[in-house]
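Engineer: Please read through the structure below; I'll follow up with questions.
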Ligand SMILES: *Cc1c(COP(=O)(O)O)cnc(C)c1O
């Protein structure tokens with residue numbers, strides 16, 4: 001493969017399918033849950049999920065609700081089981097995104113049931129019983145009573161009961177003991193849930209099960225043997241390979257050291273190469289002086305300590321090595337670079353190595369011999385907290401095209417709009433309602449007008465603090481435009497350092513609660529941090545903001561602009577000028593359903609108003625000219 005990457009992981013989906021097919025021979029007619037937690041052990045949850053669903057997976061298994069929500073955003077709609085205990089605070093998204101929590105405490109079940117009642121839903125859960133793993137799950141001895149208690153909660157449906165093996169790869173006796181305990185418990189219950197499951201990958205190979213009907217498959221599907229004994233029973237191919245390139249070639253003379261702390265000293269003259277990957281790329285530090293790299297059909301030893309971003313390998317035996325040549329650090333090209341072998345060198349875990357390898361590498365997917373997909377460098381997926389970008393996109397695009405009656409133009413407008421709206425990726429959408437803004441020019445003092453401003457609106461509180469900014473030039477002001485922590489901005493031109501004399505808070509309130517604030521002046525702007533401990537309790541709720549300031553505006557300017565940079569409903573903007581001018585004209589630029597607000601003049605005040613249920617898009621505003 002030709003590419004510009006310093007390192008890359010290759011995910012061979014054909015090998016994944018090969019493994020799944022072989023695993024299915026062991027699971028007979030039981031349903032199969034594909035484990036995709038931790039980004040499918042570093043293989044990419046989305047691509048693995050898609051492939052697994054195609055080959056018959058009935059469930060996906062994730063570690064927490066965020067991993068589940070992300071898959072929902074990627075339009076994966078089969079049941080998703082959250083394997084680890086969930087927190088009370090996660091109940092809302094769990095229900096909203098139709099995820100199936102595992103339950104290991106009555107307290108959580110009760111809260112889930114309460115919420116389910118509130119939203120009038122019946123929620124499927126799987127109960128986790130600890131038969132000997134000693135980790136999550138109900139303690140075995142009282143699990144029977146707890147299950148009955150949970151079963152009496154009307155808005156929960158116990159869809160499954162499961163347990164987890166502690167050592168299915170190499171301790172058959174203990175595994176059988178856990179299995180028997182699980183069986184005893186299930187037999188005693190007065191009802192039978194739809195799904196009973198206990199086996200992970202190695203369990204299905206090493207144990208005959210006859211009453212369970214679902215299995216949870218992780219590591220084996222990625223082609224890694226949990227124990228070398230399993231090789232005799234099932235054939236697997238590793239799915240992940242990791243590659244890098246020769247970055248630099250050098251020679252060390254006898255007695256010279258290589259790397260940090262001089263842990264490797266050359267015994268004779270040797271040629272070595274530097275590869276541009278290190279433990280920050282997931283190449284385990286424990287492979288220092290131990291790891292192997294496959295290069296031109298030879299196994300090269302790692303020399304010295306693994307650095308954060310580099311390693312050294314011995315290439316003395318290599319014929320004609322060249323900077324830029326590809327080398328393989330993990331995969332099936334040679335046994336000595338298999339995850340099992342590498343981790344055996346430091347008594348580590350293949351699970352861990354797979355999760356960490358290629359942390360900053362681009363991932364390429366190969367299927368039916370072709371590259372089908374790649375995920376970007378620094379793969380990291382964010383889950384927005386309100387609604388999915390795809391859903392929002394399609395709503396907006398359809399809305400615009402209806403109005404314009406042309407899909408083509410609407411797409412162009414929509415793209416431009418989105419670019420402004422989501423200038424920063426992963427920015428949440430904020431919106432405000434009942435927006436009242438008054439700007440009053442009080443009197444003229446030398447080169448300035450003294451100005452009093454008040455601003456009031458309702459909005460969902462997302463942080464326990466926010467900022468009010470006064471900037472001395474447009475460039476700085478712009479910087480704060482998209483900052484979600486800034487609630488109010490004022491521009492005061494001038495080549496003086498802004499301080500309390502120029503800009504002062506008169507009052508900041510949320511829901512009539514006066515906040516604390518702290519003013520800081522910097523070179524080109526002044527910021528006021530507004531905060532209060534009590535705000536923590538109302539995060540997520542709609543609150544009323546009130547901000548009032550005393551400041552100045554240059555007298556040599558003959559216009560004043562007010563910008564609206566968030567989606568806002570029901571706007572009322574007033575400019576009060578106390579007979580300082582004879583005439584004020586207004587130039588509104590409102591984008592939204594209506595472009596022209598209602599404008600009214602009253603003595604020395606001009607007011608702009610929208611209808612109460614009218615939304616105005618960002619990048620709207622008004623210029624007062626006097
Ligand atoms: C991770 C996990 C599995 C998968 O285990 P493998 O050994 O990778 O097959 C199964 N069950 C639970 C509860 C898990 O957390």
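The values are calculated or read from the model by the stated rules, or taken from the named source; none is laboratory data. None of these values were measured; they are calculated from a predicted model. Neighbour counts are summed over all protein chains in view; Cβ atoms, including those assigned to glycine, are modelled from backbone coordinates with ideal geometry.
Engineer: Does any residue of the stretch 31-42 turn out to be more than 16 Å from the ligand (Cβ to nearest atom) and not in a strand (DSSP E or B)?
Structural biologist: The answer is no, given that none of the residues of the stretch 31-42 is more than 16 Å from the ligand (Cβ to nearest atom) and not in a strand (DSSP E or B).
Engineer: Quick one: which residue in 145, 159 is more than 13 Å from the ligand (Cβ to nearest atom) and over 33 Å from the mean Cα position of the chain (by Cα)?
Structural biologist: Answer to the check: 145.
Engineer: (1) crowded, with 20+ Cβ neighbours inside 10 Å; (2) over 24 Å from residue 44 (Cβ atoms): which one isn't true of residue 107, the others all being true?
Structural biologist: The number of the failed condition is (1).
Engineer: I've got another one for you. How many residues, within the stretch 56-87, are part of a loop (DSSP other than H, G, I, E, B) and within 16 Å of the ligand (Cβ to nearest atom)?
Structural biologist: 9
Engineer: When you check residue 299 against the structure, is it in contact (Cβ under 8 Å) with a residue 12 or more places away in the chain and crowded, with 18+ Cβ neighbours inside 10 Å, yes or no?
Structural biologist: no
Engineer: Return the total of residues in the stretch 476-506 being part of a helix (DSSP H, G or I) and closer than 10 Å to residue 525 by Cβ.
Structural biologist: Selection size over the stretch 476-506: 3.
Engineer: Which residue out of 544, 536 is surrounded by fewer than 19 Cβ atoms within 10 Å (Cβ to Cβ), more than 27 Å from residue 447 (Cα to Cα) and modelled with pLDDT of 95 or more?
Structural biologist: On inspection, the qualifying residue turns out to be 544.
Yes/no matrix, rows are residues, columns are (1) more than 16 Å from the ligand (Cβ to nearest atom); (2) within 30 Å of residue 460 (Cα to Cα); (3) surrounded by 14 or more Cβ atoms within 10 Å (Cβ to Cβ); (4) modelled with pLDDT under 75:
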{"residue": "347", "(1), (2), (3), (4)": "yes, no, no, no"}
{"residue": "358", "(1), (2), (3), (4)": "yes, no, yes, no"}
{"residue": "368", "(1), (2), (3), (4)": "yes, no, no, no"}
{"residue": "379", "(1), (2), (3), (4)": "yes, no, yes, yes"}
{"residue": "384", "(1), (2), (3), (4)": "yes, yes, yes, yes"}
{"residue": "389", "(1), (2), (3), (4)": "yes, yes, yes, yes"}
{"residue": "398", "(1), (2), (3), (4)": "yes, yes, no, no"}
{"residue": "421", "(1), (2), (3), (4)": "yes, yes, yes, yes"}
{"residue": "428", "(1), (2), (3), (4)": "yes, yes, no, yes"}
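Engineer: Residues being within 30 Å of the chain's Cα centre (by Cα) and under 16 Å from residue 562 (Cα atoms): count how many of those fall in the stretch 471-488.
Structural biologist: Of the residues in that region, 8 qualify.
Engineer: For the stretch 88-102, state whether one or more residues are out of contact with any helix residue (DSSP H, G or I) (no Cβ under 7 Å at 6 or more places or on another chain), within 16 Å of the ligand (Cβ to nearest atom) and in a loop (DSSP other than H, G, I, E, B).
Structural biologist: There is no residue in the stretch 88-102 that is out of contact with any helix residue (DSSP H, G or I) (no Cβ under 7 Å at 6 or more places or on another chain), within 16 Å of the ligand (Cβ to nearest atom) and in a loop (DSSP other than H, G, I, E, B).
Engineer: Pull up the stretch 168-190, narrow it to residues that are at pLDDT below 95 and not in a helix (DSSP H, G or I), then point me to the one that is farthest from the ligand (Cβ to nearest atom).
Structural biologist: Checked the stretch 168-190; the qualifying residue farthest from the ligand (Cβ to nearest atom) is 171.
Engineer: Can I ask one more? Determine, yes or no, whether residue 18 is within 12 Å of the ligand (Cβ to nearest atom) and more than 25 Å from the chain's Cα centre (by Cα).
Structural biologist: no
Engineer: Would you list the strands (runs of 3 or more DSSP E) that sit entirely within the stretch 197-314 and hold 2 or more residues that are more than 30 Å from residue 167 (Cβ to Cβ) and either at pLDDT below 95 or more than 16 Å from the ligand (Cβ to nearest atom) (or both)?
Structural biologist: Output list reads 240-245, 248-252, 270-275, 292-295, 298-303, 311-314.
Engineer: Within the stretch 552-570, track down each residue that is closer than 13 Å to residue 488 by Cβ and either in a loop (DSSP other than H, G, I, E, B) or more than 41 Å from the chain's Cα centre (by Cα) (or both).
Structural biologist: Result: 565, 566.
Engineer: Given the criteria under 24 Å from residue 476 (Cβ atoms) and under 33 Å from the mean Cα position of the chain (by Cα), does residue 573 qualify?
Structural biologist: no
Engineer: Given the criteria crowded, with 21+ Cβ neighbours inside 10 Å, within 14 Å of the ligand (Cβ to nearest atom) and more than 10 Å from residue 221 (Cα to Cα), does residue 45 qualify?
Structural biologist: Criteria met by residue 45.
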